[in-house]
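Notes for the one structure printed next.
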Amino acid sequence: MKNEQLYQMEFSRVYPLYVQKAEKKGRTKAEVDTIICWLTGYSESSLARQLESKSSLEAFFASAPEMNPNAAKITGVVCGVRVEEIADPLMQKIRWLDKLIDELAKGKTLNKIMRG
């Protein structure tokens, strides 16, 4: 998939996949929401509005109130690529979120996931 196709994908299409991945490993939708809100600065209600608005991934991250300053501490590999080495800022944000959901599914505590 080309980056542009990914960027235009609706966040509301990706979100259920994050929830499904977490729930398969015994985690909850609430934990997924907590991670997304921590990373992006959205509140629960503004996250819900984003899901209803069917905004693209690009618009979702562009509208994010404030990316968490600790996001830069997110390291590791997603889809064979080191997230800390991704040059494209939007792709890096998408992969940061992917990495956090992976960590949740692998059983890490929320405190560790949120770089507490």
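The values are calculated or read from the model by the stated rules, or taken from the named source; none is laboratory data. The model shown is predicted, which means the values in this text are computed figures rather than measured ones. Glycine gets a Cβ as well: all are built from the backbone with ideal geometry, and neighbour counts include every protein chain shown. Heads up: the accessible areas ignore ligands, DNA and RNA and are worked out on the full protein's heavy atoms, side chains in. Shrake-Rupley method; radii C 1.70, N 1.55, O 1.52, S 1.80 Å.
Being in contact (Cβ under 8 Å) with a residue 12 or more places away in the chain, open to solvent by 60 Å² or more (accessible area, probe 1.4 Å) and in a helix (DSSP H, G or I) is the filter here, so list the residues in the range 1-28 that pass it.
Once the filter is applied, which keeps residues that are in contact (Cβ under 8 Å) with a residue 12 or more places away in the chain, open to solvent by 60 Å² or more (accessible area, probe 1.4 Å) and in a helix (DSSP H, G or I), the range 1-28 yields Asn3, Gln8, Lys21, Lys24.
Condition check ((1) part of a helix (DSSP H, G or I); (2) open to solvent by 60 Å² or more (accessible area, probe 1.4 Å)) across all residues:
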{"site": "Glu84", "(1), (2)": "yes, yes"}
{"site": "Ala87", "(1), (2)": "no, yes"}
{"site": "Met91", "(1), (2)": "yes, no"}
{"site": "Leu97", "(1), (2)": "yes, no"}
{"site": "Ile101", "(1), (2)": "yes, no"}
{"site": "Leu104", "(1), (2)": "yes, no"}
{"site": "Lys112", "(1), (2)": "yes, yes"}
{"site": "Arg115", "(1), (2)": "no, no"}
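Collect the residues in the range 1-28 that are of a type outside the set (Phe, Trp, Tyr) and more than 17 Å from Leu100 (Cα to Cα), keeping them in residue-number order.
Met1, Lys2, Asn3, Glu4, Gln5, Leu6, Gln8, Met9, Glu10, Ser12, Arg13
Would you call Glu31 among the charged types (D, E, K, R), part of a helix (DSSP H, G or I), in contact with a Phe, Trp or Tyr (Cβ under 9 Å, 6 or more places away or on another chain) and within 18 Å of Asp98 (Cβ to Cβ)?
For Glu31, the condition - among the charged types (D, E, K, R), part of a helix (DSSP H, G or I), in contact with a Phe, Trp or Tyr (Cβ under 9 Å, 6 or more places away or on another chain) and within 18 Å of Asp98 (Cβ to Cβ) - is not met.
Could you please let me know if Lys108 is free of Cβ contacts under 8 Å to residues at least 24 places away in the same chain, over 24 Å from Glu4 (Cα atoms), assigned to a loop (DSSP other than H, G, I, E, B) and open to solvent by 60 Å² or more (accessible area, probe 1.4 Å)?
So Lys108 passes the test.
Out of everything in the range 54-74 that is touching a residue at least 24 places away in the same chain (Cβ under 8 Å) and of a type in the set (S, T, N, Q), what residue ends up being surrounded by the fewest Cβ atoms within 10 Å (Cβ to Cβ)?
Asn70
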